[in-house]
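The block underneath contains the structure these notes are about, expressed in structure tokens.
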Amino acid sequence: MPVALHKVIEDIESLSLEDKEYVKDVIQKIIIEARREDIRLTGEEAMKDYQEGKARKGSAKELLDDLND
């Protein structure tokens, strides 16, 4: 574990329960936003691939059939 992270954890351990819950809520929101950003970037990449003809559309069966060929 990096020294800085270890220090952050020690600092959090010294907080009151209420402050620890606040930190937890803030971290959860940061993680949610990071996931949203990842989904957004994945969507943009998929749209770009589709527009450039690098992706195909079809039913799930058609796509699975193509994978099995």
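Key figures for this structure:
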{"item": "Count of residues meeting criterion [more than 30 Å from residue 11 (Cβ to Cβ) and out of contact with any Phe, Trp or Tyr (no Cβ under 8 Å at 6 or more places or on another chain)] in segment 21-69", "result": "30"}
{"item": "Selected residue (only one of 22, 50 is open to solvent by 100 Å² or more (accessible area, probe 1.4 Å) and at pLDDT 95 or above)", "result": "22"}
{"item": "Filter result for residue 43 (of a type in the set (Gly, Ala, Ser), loosely packed, with under 11 Cβ neighbours inside 10 Å, part of a helix (DSSP H, G or I) and without any contact (Cβ under 8 Å) to a residue 24 or more places away in the chain)", "result": "yes"}
{"item": "Looking only at segment 1-19, and only at residues there that are open to solvent by 100 Å² or more (accessible area, probe 1.4 Å) and over 22 Å from the mean Cα position of the chain (by Cα), the one that is nearest to residue 67 (Cα to Cα)", "result": "3"}
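The values are calculated or read from the model by the stated rules, or taken from the named source; none is laboratory data. Worth saying up front: this structure is predicted, and the values here are computed from it rather than measured. Note that we place each Cβ from the backbone using ideal geometry, even for glycine, and neighbour counts take in every protein chain shown. Protein only, heavy atoms only, side chains kept; ligands, DNA and RNA dropped before computing areas. Shrake-Rupley method; radii C 1.70, N 1.55, O 1.52, S 1.80 Å.
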